[in-house]
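The values are calculated or read from the model by the stated rules, or taken from the named source; none is laboratory data. Remember, it's a predicted structure, so these values are computed and weren't measured experimentally. We place every Cβ from the backbone using ideal geometry, glycine too, and count neighbours over all the protein chains shown. Quick note on the areas: whole protein, heavy atoms, side chains included, nothing else; ligands and nucleic acids left out. Shrake-Rupley method; radii C 1.70, N 1.55, O 1.52, S 1.80 Å.
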Amino acid sequence: MIECAVRWSPPLPAEPRFLALLDELEQGRYDTYRQDIDKRRFLTGRVLAKTVTAERLGLAVEEVSFDATCDDCGKPHGRPRVPGAPLMLSISHSGDLIGVAATAGTPVGLDVETATRRADDSLIEYALSPAEQAAVSGLLAEQRTTAFFTYWTRKEAVMKATGKGLKIPLQSITFSGHDEAARLVSSGDAALDPARTRLVDLKAAEGYRAAVALLTSDEISVTEDFTTL
């Protein structure tokens, strides 16, 4: 059984005790954001990830240092990791909710989205496979929006787990029904094998949809907690 822990938090205030946990590169990224809420989301993601890392590795949070070098371009905006540590992390945020998923080395992807905005036809055609489009076609507007973001978060979660992101065409992957337990049914990309992909739809919070994906053939156990830092 592979365990995955998901921790949620609202945006933290830009207080010195939190800002002090950012290293020089992270401070540089923080400073590039123009909107206050974007700064706070980034800050919260890093503080939350470092808190989870410290707990799992038996460190003081001040001792945690991430390498976030992007494998493609070398810039510091990749997945945060502690070199040599048995730990994989994934950070996601939307609206007023920030989350971190952590495993003991199994590739993991987390996605959360506000599910209150409208899912129009062009977005559905862009993101969903033909089978998924058929599944949402007869739903009322509110139900269709919920179903769409259930599919969307599943897709984002598995793509994050592979590290390939949107290099995997969204329409090339098909999931089980939006009202069924999350499962990858088929994939047109070699990076995603249904036999080695596990997913869970998360509770997150009211007005949000979220999912976590692990690249493993083992069964998984996922726990969710809200935290106040």
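Some values worked out for this structure:
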| item | result |
| --- | --- |
| Any pair with Cβ under 6 angstrom, 6 or more apart, that starts in the range 147-165 at a residue that is touching a residue at least 40 places away in the same chain (Cβ under 8 Å) and ends at one that is open to solvent by 30 Å² or more (accessible area, probe 1.4 Å) | PHE149/ARG209; THR150/HIS178; THR150/ARG209; THR153/ARG209; ALA161/PRO107; ALA161/LEU215; THR162/ALA191 |
| From LEU192, LEU170, residue being modelled with pLDDT under 95 and under 19 Å from VAL108 (Cβ atoms) | LEU192 |
| Qualifying positions in the range 170-190 - in a loop (DSSP other than H, G, I, E, B) and either in contact with a helix residue (DSSP H, G or I) (Cβ under 7 Å, 6 or more places away or on another chain) or loosely packed, with under 13 Cβ neighbours inside 10 Å (or both) | GLY177, HIS178, ASP179, GLU180, ALA181, ALA182, GLY188, ASP189, ALA190 |
| Verdict on ALA101 being small (Gly, Ala, Ser) and in contact (Cβ under 8 Å) with a residue 60 or more places away in the chain | yes |
| From VAL52, VAL112, residue being within 22 Å of GLU3 (Cα to Cα), of a type in the set (A, V, I, L, M, F, W, C) and out of contact with any Phe, Trp or Tyr (no Cβ under 8 Å at 6 or more places or on another chain) | VAL52 |
| Residue count, the range 191-200 (criterion: in a loop (DSSP other than H, G, I, E, B) and more than 18 Å from the chain's Cα centre (by Cα)) | 1 |
| When residues of the range 66-92 are limited to those that are closer than 16 Å to ALA104 by Cβ and in a strand (DSSP E or B), the one most open to solvent (accessible area, probe 1.4 Å) | ARG81 |
| The range 24-37, subset open to solvent by 50 Å² or more (accessible area, probe 1.4 Å) and of a type in the set (Asp, Glu), residue modelled with the lowest pLDDT | GLU24 |
| Selection status of VAL52, part of a helix (DSSP H, G or I) and of a type in the set (Val, Ile, Thr) | yes |
| Every residue from the range 124-167 that is hydroxyl-bearing (Ser, Thr, Tyr), more than 23 Å from VAL6 (Cβ to Cβ) and open to solvent by 50 Å² or more (accessible area, probe 1.4 Å) | TYR126, SER137 |
| Every residue from the range 195-229 that is modelled with pLDDT of 95 or more and among the polar types (S, T, N, Q) | THR197, THR216, SER217, SER221, THR223 |
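A quick yes/no check of all residues on (1) within 16 Å of the chain's Cα centre (by Cα); (2) touching a residue at least 12 places away in the same chain (Cβ under 8 Å):
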position: ILE2; (1), (2): no, yes
position: GLN35; (1), (2): no, no
position: ARG46; (1), (2): yes, yes
position: ALA54; (1), (2): no, no
position: GLU62; (1), (2): no, yes
position: ASP71; (1), (2): no, yes
